[in-house]
Amino acid sequence: MNSGWRRLLAVLPWLVIAVVSCGVTLVAMMPAAWITPQFAKATQGHVNLIEPAGSLWHGSAALVLAAGPDAGAGTLLPGRVQWQTAFWPLLTGHLSMSMRQTPAMPDPIQVAAAPRGAMISAGQIAVPAALLAGLGAPFNTLDLHGAVQLSWTPWRLLGARTYGQLVVTLTDMSSRVSPVKPLGSYRVALQAQGDTSTIDLSTLNGPLMLSGHGAITATTTSFHGKASAVGAASDNLAGLLNLLGRPTGDGAIALDYTR
């Protein structure tokens with residue numbers, strides 16, 4: 001073995017260490033901006049992370065929730081989302097993250113993803129009522145105010161199929177177009193069952209009574225319900241009811257939507 005080969009063999013371990021060190025450093029410093037577009041893509045613009053800081057492993061970003069696919073009409077939540085990503089699961093093709101939004105989310109959630117599916121652990125988050133305006137008419141006209149909380153069971157995605165339950169609780173809602181305050185408290189339950197989902201609306205309390213049932217598939221959305229007023233506030237709620245839908249002739253308003 002000549003002297004050139006001996007020098008190469010002597011230097012080779014140090015070259016390997018240098019390459020590995022550079023690779024680990026690059027991975028450790030992978031910017032948070034690399035991950036934020038994936039949330040908008042996976043949720044069709046409903047969940048958006050903006051103004052990212054830190055790295056993929058330890059980072060944070062502002063959270064924008066959009067009721068529709070237009071992120072520009074979304075609602076910015078106070079505080080920031082913070083996350084931590086485990087390194088070793090990535091070596092087996094799995095993603096494991098812990099995420100928390102302060103102060104709206106009291107407990108962190110776990111996000112796990114693999115080539116064939118993903119799961120988000122159960123959790124809850126308080127959101128501004130202004131988020132409802134992103135649904136369009138009549139919500140943008142009503143300008144609703146009150147406490148809105150989202151809670152969900154473990155949410156699973158298997159290919160194009162989704163499984164889980166999301167419950168939206170609206171407490172002591174009021175509107176700028178109605179003198180009756182509060183209008184009431186309501187519960188909206190979305191049940192994802194693979195290729196189809198169902199949505200149910202019910203009234204918890206209040207003079208404005210809302211109810212309905214709907215179904216959502218990949219190509220169609222339909223909802224059929226009704227709105228009515230009870231008690232002494234009925235006369236003061238007549239104008240608001242006319243904004244919600246068409247009269248059915250029995251003092252109620254039809255809440256029908258099909259796409």
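The values are calculated or read from the model by the stated rules, or taken from the named source; none is laboratory data. None of these values were measured; they are calculated from a predicted model. Using ideal geometry, Cβ is built from the backbone for each residue, glycine included, and neighbour counts are taken over all protein chains shown.
When the stretch 73-100 is limited to residues that are in a strand (DSSP E or B) and of a type in the set (A, V, I, L, M, F, W, C), the one that is nearest to A118 (Cα to Cα) turns out to be L95. Which of the residues that make up the stretch 226-241 are among the small types (G, A, S) and either in contact with a Pro (Cβ under 6 Å, 6 or more places away or on another chain) or under 15 Å from L210 (Cβ atoms) (or both)? Matches in the stretch 226-241: A227, S228, A229, G231, A233, S234.
Close contacts from the stretch 236-250, counting a first residue that is assigned to a loop (DSSP other than H, G, I, E, B) and a second that is aliphatic (A, V, I, L, M) and surrounded by 12 or more Cβ atoms within 10 Å (Cβ to Cβ), with Cβ to Cβ under 7 Å and a gap of 6+ residues or different chains, come to G245/A227; G245/I253; G245/A254; G245/L255; T248/A254. Counting only strands (runs of 3 or more DSSP E) that fall entirely inside the stretch 145-234 and contain at least 1 residues that are of a type in the set (G, A, S) and buried (at least 19 other Cβ atoms within 10 Å of the Cβ), the qualifying elements are 161-175, 184-194, 197-205, 208-216, 221-229. Can you work out which of the residues in the stretch 101-110 that are part of a strand (DSSP E or B) and modelled with pLDDT of 85 or more is surrounded by the fewest Cβ atoms within 10 Å (Cβ to Cβ)? Out of the qualifying residues, it is Q110.
Exactly one residue out of P182, P103, P128, P154 is in contact (Cβ under 8 Å) with a residue 24 or more places away in the chain, over 30 Å from P52 (Cβ atoms) and outside the structural domain of S60 (by TED's automatic domain parsing): that is P182. Going by the conditions given, is G245 surrounded by 14 or more Cβ atoms within 10 Å (Cβ to Cβ), modelled with pLDDT under 85, in contact with a Lys or Arg (Cβ under 9 Å, 6 or more places away or on another chain) and of a type in the set (G, A, S)? Criteria met by G245.
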